[in-house]
Amino acid sequence: MQFGRTTLSKFVIEQTRGQHSEMGALLIDVAAAVKTISALVGKGALSGFSGALDSTNVQGEVQKKLDVLTNEAILRHCEWGGQLAGMASEEMDEPYRIPDQYPRGRYLLIFDPLDGSSNSDVNVSVGTIFSILQRSEAGEAEPGDFLQSGHQQIAAGYAIYGPATMLVLSVGNGTHGFTLDRESGNFQLTHPDIKVPEDTREFAINTSNERFWEPPVQRYVDECKAGKTGVRSADFNMRWIASMVAEVHRILMRGGIFMYPKDNKDPAKPGRLRLMYEANPMAMLITQAGGVASTGRERILDVPPETLHQRVPVLLGSKSEVERVERYHQEYD
Ligand code: AHG
Ligand code: MN
Ligand code: MN
């Protein structure tokens with residue numbers, strides 16, 4: 001046991017003192033929700049909550065019991081404190097109205113309660129992703145209040161439920177990682193000021209979609225696969241976990257590039273990942289860590305949102321690699 005480490009509460013209180021002190025209280029509630037979810041997913045099959053429901057979410061995806069339960073966990077932990085004007089999530093068609101018995105504040109919380117949920121029944125890392133925005137004044141949020149660009153995020157973070165549970169957070173002043181000490185119940189600052197390593201030879205993409213990709217992505221991946229004998233003159237390694245949280249976490253720790261690019265599998269979907277609660281928060285964390293997050297044609301944080309559940313292509317990670325794929329898009333266009 002180490003005394004004197006910075007706890008998440010201390011970090012948040014210090015970082016949000018003044019203008020955003022109410023958001024500090026909200027972040028502490030988010031962390032409490034994350035601990036509840038960590039305990040729940042950590043029980044595995046013993047929780048009795050494995051498997052799918054009969055329902056689908058607004059995106060037509062089959063909901064798992066854990067998708068719904070983790071969504072409830074965040075709503076219950078965060079609705080009461082008076083900091084929020086509203087919440088929205090992957091698992092709810094419309095924004096959630098703060099119940100009348102609670103005071104309302106000016107912040108907006110948007111989240112993916114369980115990212116990588118296809119991995120939850122096979123004991124592979126899953127996560128929670130969240131983004132905090134604000135409206136001009138305290139009160140009940142209108143649906144349009146949520147449609148702000150990623151640059152307007154006041155805070156963003158994710159929790160990863162892996163061998164250890166970690167919370168990785170940015171309040172606009174770097175990206176910082178906290179590890180849950182399961183004995184004391186505290187998140188301790190273990191990874192201050194994370195920087196995405198620059199020199200990297202690792203890529204992550206679901207290659208089963210290769211035939212649907214655009215030429216610039218095909219070109220980049222072909223060059224990686226060609227290794228030492230190709231134009232890159234270096235061997236590359238590939239990883240695909242199918243939990244964005246786990247891929248982003250690996251990239252923050254040891255570099256690399258993650259891509260869920262635009263493809264023509266379903267012309268109605270310009271990408272797989274959702275802008276407001278997957279791409280934007282991850283883009284803030286990666287950018288604050290010195291990396292780049294792009295659609296291939298524009299920076300994720302610049303994308304003007306049109307709808308709450310809109311999808312975007314996502315390429316993120318080490319600066320030089322993401323910029324290379326951006327250049328391939330420019331050359332192609
Ligand atoms: P979610 O479980 O919240 O729907 O998100 C899953 C996402 C993301 O985490 C992952 O990178 C991607 O879907 C995996 O997609 P494939 O199944 O196409 O590999
Ligand atoms: Mn997700
Ligand atoms: Mn999800």
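Taking K and R as +1 and D and E as -1, what net charge do the other residues with C-beta under 9 Å from the C-beta of Gln188 add up to?
Residues near Gln188 contribute 0 overall.
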- Query: Just going by the charge dipole of the range 222-333, with Lys and Arg at +1 and Asp and Glu at -1 on Cβ, which of Gln310, His329, Gly227 is farthest out on the positive end?
  - Reply: Gly227
- Note on the structure: Highest mean packing first, using Cβ neighbours within 10 angstrom, the peptides 169-177, 94-102, 107-115 sort as 107-115, 169-177, 94-102
- Diffusion coefficient, µm² s⁻¹, Stokes-Einstein with Kirkwood Rh over alpha-carbon pairs of the range 135-219 at 37 °C and 0.692 mPa s: 193 µm²/s
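Can you tell me how much longer the chain between Thr190 and Asn264 gets when fully stretched, taken as 0.36 nm per residue apart minus their C-alpha distance, in nm with one decimal? If you can, show how the numbers build up before the last one.
Values: separation 74, 0.36 × 74 = 26.64 nm, distance 4.14 nm.
In short, 22.5 nm is gained.
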- Under the Karplus relation 6.51 cos²θ - 1.76 cosθ + 1.60, θ = phi - 60°, what is the ordered set of whole-Hz ³J(HN,Hα) values for the range 179-186, x standing for Gly and Pro? 10, 6, 8, 5, 6, 8, x, 9
- Item | Cα shape, the range 268-333, gyration tensor, a/c 1.5 rule | oblate
- Item | Interchain or long-range residues, amide H under 5 Å from Thr175's placed H | Asp193, Ile194
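Counting each pair of different Cα atoms once, what's the Kirkwood radius of the range 1-104 in Å, rounded to one decimal?
Kirkwood hydrodynamic radius for the range 1-104: 15.7 Å.
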- Among Ser125, Gln101, Asn71, the residue whose Cα sits farthest towards the positive end of the charge dipole of the range 66-128, when +1 is placed on the Cβ of each Lys and Arg and -1 on the Cβ of each Asp and Glu, is Gln101
- Going by how many other beta carbons lie within 10 Å of each one, how would you line up Tyr277, Tyr332, Tyr260, fewest first? Tyr332, Tyr260, Tyr277
- DSSP H segments from the chain that extend 24 Å or more along their own axis, Cα-based, with Kyte-Doolittle mean of 0.0 or above: 21-42
- Give the order of Asp302, Asp145, Asp67 when sorted by the count of other beta carbons within 10 angstrom, beginning with the fewest. Asp302, Asp145, Asp67
- Quick one: compute a quarter of the convex hull surface over the Cα atoms of the chain and quote it in nm². 17.3 nm²
- Query: Between Arg239 and Arg182, what is the spin-label point distance in nm, taking each point 7 Å from the Cα along the Cα→C-beta axis?
  - Reply: 2.2 nm
- Once label points are set 7 Å from the Cα along Cα→Cβ at both Ala138 and Arg297, what is their separation, rounded to one decimal in nm? 4.3 nm
- Considering the zone a paramagnetic label at Asn209 would reach in this model (a point 7 Å from Cα along the Cα-to-Cβ line), which residues of the range 122-139 have amide N under 12 Å from it? none
- Task: Rounded to whole Å and ordered largest first, report the semi-axes of the equivalent ellipsoid of the range 208-333 derived from its Cα gyration tensor (root of 5λ).
- Result: 22, 17, 13
- Task: Fewest Cβ neighbours within 10 Å first, please rank Ser38, Ser9 accordingly.
- Result: Ser9, Ser38
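Taken together, the values in this text are just the output of simple stated rules run on the coordinates, not laboratory data. Remember, predicted model here, so these are calculated numbers, not experimental data. Glycine also receives a Cβ, built like all others from the backbone with ideal geometry; neighbour counts cover every protein chain displayed.
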